[in-house]
Every structure is written in C-alpha cells, then in structure tokens.
1. Hey, rough spin-label estimate for Thr91 and Leu64, points 7 angstrom out along Cα→Cβ, what's it come to in nanometres?
2. With the crude spin-label approximation of a point 7 Å out along Cα→Cβ, what separation in nm comes out for Ser41 versus His83?
3. Using only the alpha-carbon atoms, how far is helix 95-115 inclined from the longest principal axis of the chain? Give it as 0 to 90 degrees, nearest 10.
4. What does the convex hull of the Cα atoms of the stretch 21-115 come to per residue, in Å³, rounded to a whole number?
5. Modelled label-to-label distance, Gln26 and Arg103, 7 Å Cα→beta-carbon offset: nm?
6. Working from Cα positions, state the angle (0 to 90°, nearest 10) between the long axis of helix 57-73 and the longest principal axis of the chain.
Amino acid sequence: MSAHPVEHGDEPIIERPDRTIAALRQALARVAPSKLSLMESERDEVLTLAAETQSVGPVNGFLLRWAALVEIERHPATARRLHDAERRVRTALDEGTMRAAAREVADIKAAARQAVGG
C-alpha cells in the first residue's frame, strides 16, 4: 500500500487548513469532531509549557501533530486505512501482524506530516 495520504479516489472532503490553532480546530470540527476535546486539552498544556519554557517549540509541535491528523482525516479512505491499521495493532494475535500494522500507521502519519510541511 502507498504511504501517501492521498490515494486514487480519495478526494479531500475539505481544503487543507492553515496551520493555526483556529483553522485546525475548525477543520477538526468538520472531519473528526470527536477529537476536539483532546485537541483543546492538549492545546492548554502546550500553551502552558510554551509560556513556562519561553519557547515556541511546543506550539510548533502541537500545530504539526494536529495538521497531520487533519490531513489524514480529510481524506476518508486514508482515515479508514489508519483506523483499521490502529485496530489491527490493538487486536493482533501475533507479533508479525502487529508490526506490519504498526508500520502502516507510522507510514500514514509520516506521509501526512510531510504533506503539511513537517
């Protein structure tokens, strides 16, 4: 399988958002609303850490992680592949199956990060 977040016939359901907290939150509300509370909780932790360390590094990492997640979720077939691979990691009965599924998860996430410029 391809590690690219866009597959043939997997047209995005929304445009790629800007990499800002507001734009990513709005996009997430459309493509994966169940993850909004996690994003908001993580946002609060990251902003606190950034203030404590006087560094934008935590904020940049946060934006990249959520931009990649939105990139995956805005492509329905890619999102299904990721969720299926994550399920196989959790339910694998043998190490080989688990490793193959974990590699697929990692490849999908890496391709999404690359697609959003990370």
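1. 3.3 nm
2. 2.0 nm
3. Relative to the chain, helix 95-115 is tipped by roughly 50 degrees.
4. Numbers: hull volume 10.5 nm³, N = 95.
Normalising the Cα hull of the stretch 21-115 by residue number yields 110 Å³.
5. 4.1 nm
6. 40 degrees
Where a number appears in this text, it was derived from the coordinates with a stated rule and is not lab data. The shown structure was predicted, so the numbers you read here are calculated from the model rather than taken from an experiment. Neighbour counts run over all protein chains shown; Cβ positions are idealised from the backbone, glycine included.
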